[in-house]
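*Asks:* This is the structure I have questions about; it appears just below.
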Amino acid sequence: MNPRLYNKAMNANRPYSGLIERLKLKAIRPTRQRLALGKLLFERDGEACNRHVTAEQLHSEAAASGVRVSLATVYNTLHQFTAAGLLREVVVEPGQSMFDTNVDEHHHFYFESSGVLEDIPGHGVELARLPEPPAGSRVKRVDVIIRLA
């Protein structure tokens with residue numbers, strides 16, 4: 001049997017195996033709640049996906065799928081995943097963040113009327129010049145959010 005087909009068949013019987021490995025590689029203990037939230041975040045219909053969610057949206061999705069988890073646990077999990085590099089936090093308004101499963105270099109359109117965040121490929125935005133960072137620091141990343149009415 002083709003090794004790729006065999007691995008796919010084996011993973012179909014172990015739906016959390018890929019996520020467990022992903023968390024372990026980032027030194028995150030794969031608890032039942034983290035696995036359930038990770039599955040909601042990173043997969044749609046068994047396929048990997050990129051999405052933007054608020055903690056409240058993820059909490060609602062968890063409740064709708066029968067996962068009992070507090071909003072505080074959702075926030076803690078999102079921040080743990082962000083610190084480990086599995087998510088990016090995008091601050092769209094003061095006190096309002098969305099969490100992005102796409103951690104590659106990219107930017108965003110933000111539709112203010114609907115609250116929807118949409119990816120812009122990293123090469124889709126060109127910056128002519130950045131100011132010199134203060135002494136002793138370096139630019140880690142540039143995030144561009146283009147706000148749309």
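The values are calculated or read from the model by the stated rules, or taken from the named source; none is laboratory data. None of the values given here were measured: they were computed from a predicted structure. Glycine also receives a Cβ, built like all others from the backbone with ideal geometry; neighbour counts cover every protein chain displayed. When the accessible area is computed, the model is the full protein with side chains, heavy atoms only, and any ligands, DNA or RNA have been set aside. Shrake-Rupley method; radii C 1.70, N 1.55, O 1.52, S 1.80 Å.
*Asks:* Do the conditions hold for V92, that is, is it open to solvent by less than 40 Å² (accessible area, probe 1.4 Å) and either under 29 Å from R32 (Cβ atoms) or not in a loop (DSSP other than H, G, I, E, B) (or both)? Lay out the reasoning, then the answer.
*Replies:* Working: open to solvent by less than 40 Å² (accessible area, probe 1.4 Å): yes; either under 29 Å from R32 (Cβ atoms) or not in a loop (DSSP other than H, G, I, E, B) (or both): yes.
Taking the combined requirement at face value, the residue satisfies it.
*Asks:* Could you give every pair whose Cβ atoms fall below 7 Å, whose first residue belongs to segment 44-73 and is farther than 23 Å from V103 by Cβ, and whose second residue is among the basic types (K, R) and outside any strand (DSSP E or B), counting only separations of at least 6 or pairs across chains?
*Replies:* Correct list of pairs: empty, since none qualify.
*Asks:* If you take the residues in segment 112-129 that are closer than 19 Å to T54 by Cα and open to solvent by 60 Å² or more (accessible area, probe 1.4 Å), which one is nearest to the chain's Cα centre (by Cα)?
*Replies:* Among those residues, the one meeting the criterion is E118.
*Asks:* Ok, one more. Report whether or not E105 is open to solvent by 50 Å² or more (accessible area, probe 1.4 Å) and in contact with a Pro (Cβ under 9 Å, 6 or more places away or on another chain).
*Replies:* So E105 passes the test.
*Asks:* Considering L37, L41, which residue is in contact (Cβ under 8 Å) with a residue 60 or more places away in the chain, within 21 Å of G18 (Cβ to Cβ) and assigned to a helix (DSSP H, G or I)?
*Replies:* Result: L41 is the single residue among L37, L41 that is in contact (Cβ under 8 Å) with a residue 60 or more places away in the chain, within 21 Å of G18 (Cβ to Cβ) and assigned to a helix (DSSP H, G or I).
*Asks:* Just one of F81, F99 is closer than 21 Å to G18 by Cα, within 12 Å of the chain's Cα centre (by Cα) and assigned to a helix (DSSP H, G or I); which is it?
*Replies:* Testing whether each residue is closer than 21 Å to G18 by Cα, within 12 Å of the chain's Cα centre (by Cα) and assigned to a helix (DSSP H, G or I) leaves just F81.
*Asks:* Continuing with this model, one more query. Looking at (1) at pLDDT 95 or above; (2) more than 20 Å from Y16 (Cβ to Cβ); (3) open to solvent by 60 Å² or more (accessible area, probe 1.4 Å); (4) more than 11 Å from the chain's Cα centre (by Cα), can you tell me which one R29 breaks?
*Replies:* Unmet for R29, out of (1) at pLDDT 95 or above; (2) more than 20 Å from Y16 (Cβ to Cβ); (3) open to solvent by 60 Å² or more (accessible area, probe 1.4 Å); (4) more than 11 Å from the chain's Cα centre (by Cα): (2).
*Asks:* Within segment 130-148, is there a residue that is open to solvent by 50 Å² or more (accessible area, probe 1.4 Å), out of contact with any Asp or Glu (no Cβ under 7 Å at 6 or more places or on another chain) and within 20 Å of A48 (Cα to Cα)?
*Replies:* no
*Asks:* Do you know which residues across segment 53-78 are open to solvent by less than 40 Å² (accessible area, probe 1.4 Å) and not in a loop (DSSP other than H, G, I, E, B)?
*Replies:* If the condition is that a residue be open to solvent by less than 40 Å² (accessible area, probe 1.4 Å) and not in a loop (DSSP other than H, G, I, E, B), then V53, A55, L58, A62, T73, V74, T77, L78 are the ones that fit.
*Asks:* For C49, which of the numbered conditions (1) over 18 Å from F111 (Cβ atoms); (2) open to solvent by 40 Å² or more (accessible area, probe 1.4 Å) fails to hold?
*Replies:* (2)
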